[in-house]
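The values are calculated or read from the model by the stated rules, or taken from the named source; none is laboratory data. Note that the structure is a prediction, hence the values are computed from the model and not measured. Cβ: placed from backbone, ideal geometry, glycine included. Neighbour counts: every protein chain shown.
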Amino acid sequence: MLIREILPQEQVIFDRVASHPLQSYKWGEFRKKTGVQVERLGFFIGGTLDSVMQVTFHKVPFLNRYVGYYPKGLTPNEDHMAALLQLAKKYNAIYIKLEPNVKKPLDQINTDNETVKFLQKYQLEEGRALFTRYTFELDLSLSEEELLEKQSSKTRYNIKLASKKGVQVVEDTSEQGLEEYLKILAETTKRQGFYAHTPDYFRQLWESLKDSGIIHIFKAVYEKQTLVVWIVFVFNGVLYYPYGASSSMYREVMASNSMMWEVIRFGKQQGCHSFDMWGSLGPNPDPKSPWNGFHRFKKGYGGELVEFIGTYDLVNDYPMYKIYNLAEDLRWKFLRLKKKLF
């Protein structure tokens, strides 16, 4: 096997074998604009690109050290792990966080999973998750009639209600569509009290992905008012719902329900075979969780709850790893306290 850096002229073949939009070439270009170092490696067998990995490296403030992040990567093998260890040394990284795009049965103990058993051969620690461990996936190969049958009765009712009220869902994959999203996102985060990426982050994301065919912006409009805006991704036959924002106006017209259904229909029209709803709570959700409403909303569309194998830190420097985690714990405690106070 030949392992080497991917060249700029190879981005098309890179994307053909990439495992997720966060592993796409354009996503790496976007992350570069945010000041992050990006490494792309290709694994060639007999001159043919067999697999790829894209790892970002983030500078630790006040130190000449980095932490790496390898999100939604492929099922790892010995060649991939050897390459990651080399990258960790190259960047003098404290660790590289791995969140493989690898599913497992809900009732399977992690230590019984073959991929987890393989990872345990290396210096890995269970790390703080950046991606949720669970998501809902919907089979888009089903007909619209079959998809409607899988929905809860309340979800079907809300979709019909939105249609009767005259809610219109339209695609507006433009700068104007992005700015409408940012306007409603500011309202949403203030109302619900959660953190979101900055407007500059989303503008750079838009600039990087606007010509890629990956990013699409939809808005739900009622009486000339935009009530809901979603940013969705289409990549290698899968539809993803990473970002959404909703207004507090006219909540009774169920614009979000109409949005979800029309996005599902869009995914089918794009030839997608599945819809990854980008996160959920687990099989026994806490009704007091601030994310429980999102979980119930997504569950209503009849998708399958799936679990990924989790988050693992490939440690390159254990003493610094412990210090870094202690500092991160203190930072998150401060942020949670700040949110409560302000």
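Identify, from the list 98, 161, 148, 140, the residue that is assigned by TED's automatic domain parsing to the domain that holds residue 240 and under 20 Å from the mean Cα position of the chain (by Cα).
140
Would a scan of the range 195-205 turn up a residue that is modelled with pLDDT of 95 or more, of a type in the set (Lys, Arg) and either within 21 Å of residue 29 (Cα to Cα) or under 20 Å from the mean Cα position of the chain (by Cα) (or both)?
Within the range 195-205 (the criterion being modelled with pLDDT of 95 or more, of a type in the set (Lys, Arg) and either within 21 Å of residue 29 (Cα to Cα) or under 20 Å from the mean Cα position of the chain (by Cα) (or both)), the answer is yes, since at least one residue qualifies.
May I ask you to list the residues in the range 246-260 that are at negative phi and either in a loop (DSSP other than H, G, I, E, B) or surrounded by fewer than 23 Cβ atoms within 10 Å (Cβ to Cβ) (or both)?
246, 247, 248, 249, 251, 252, 253, 256
Could you check the range 45-81 and list, in sequence order, the residues that are of a type in the set (A, V, I, L, M, F, W, C) and in contact (Cβ under 8 Å) with a residue 24 or more places away in the chain?
45, 49, 52, 53, 55, 57, 60, 67, 74, 81, listed by residue number.
Is one or more of the residues making up the range 166-175 small (Gly, Ala, Ser) and in contact with a Ser or Thr (Cβ under 9 Å, 6 or more places away or on another chain)?
For the range 166-175, residues small (Gly, Ala, Ser) and in contact with a Ser or Thr (Cβ under 9 Å, 6 or more places away or on another chain): absent.
For the subset of the range 288-305 comprising residues that are part of a loop (DSSP other than H, G, I, E, B), at pLDDT 95 or above and more than 13 Å from residue 256 (Cα to Cα), which member is nearest to the chain's Cα centre (by Cα)?
Filtering the range 288-305 for residues that are part of a loop (DSSP other than H, G, I, E, B), at pLDDT 95 or above and more than 13 Å from residue 256 (Cα to Cα), the one nearest to the chain's Cα centre (by Cα) comes out as 303.
Can you report the number of residues in the range 39-51 which are surrounded by fewer than 16 Cβ atoms within 10 Å (Cβ to Cβ) and either assigned to a strand (DSSP E or B) or of a type outside the set (Gly, Ala, Ser) (or both)?
Of the residues in that region, 4 qualify.
Looking only at residues in the range 236-245 that are in contact with an Asp or Glu (Cβ under 8 Å, 6 or more places away or on another chain) and under 21 Å from residue 147 (Cα atoms), which one is surrounded by the most Cβ atoms within 10 Å (Cβ to Cβ)?
Only one residue fits best here, namely 239.
Does residue 106 qualify as being assigned to a loop (DSSP other than H, G, I, E, B), among the hydrophobic types (A, V, I, L, M, F, W, C) and surrounded by fewer than 17 Cβ atoms within 10 Å (Cβ to Cβ)?
So residue 106 passes the test.
Would you mind finding the one in 68, 73 that is small (Gly, Ala, Ser) and touching a Lys or Arg at 6+ places or on another chain (Cβ under 9 Å)?
68
Looking at (1) out of contact with any His (no Cβ under 9 Å at 6 or more places or on another chain); (2) modelled with pLDDT of 95 or more; (3) among the basic types (Lys, Arg); (4) within 20 Å of residue 309 (Cα to Cα), which one does residue 121 not meet, given that it meets all the others?
For residue 121, the failing item is (2).
Restricting to the range 308-328, and then to whatever is surrounded by 13 or more Cβ atoms within 10 Å (Cβ to Cβ) and of a type in the set (Asp, Glu), can you tell me which residue is nearest to residue 116 (Cα to Cα)?
Per the stated criteria, the residue is 313.
Which ones in the range 90-120 are among the basic types (Lys, Arg) and under 16 Å from residue 54 (Cα atoms)?
Listed by number, the residues that qualify are 90, 97.
Among 300, 267, 282, 244, which is without any contact (Cβ under 8 Å) to a residue 60 or more places away in the chain and not assigned by TED's automatic domain parsing to the domain that holds residue 107?
None of the other options fit; the residue is 244.
How many of the residues making up the range 128-148 are touching a residue at least 60 places away in the same chain (Cβ under 8 Å) and more than 17 Å from residue 271 (Cα to Cα)?
The qualifying residues number 9.
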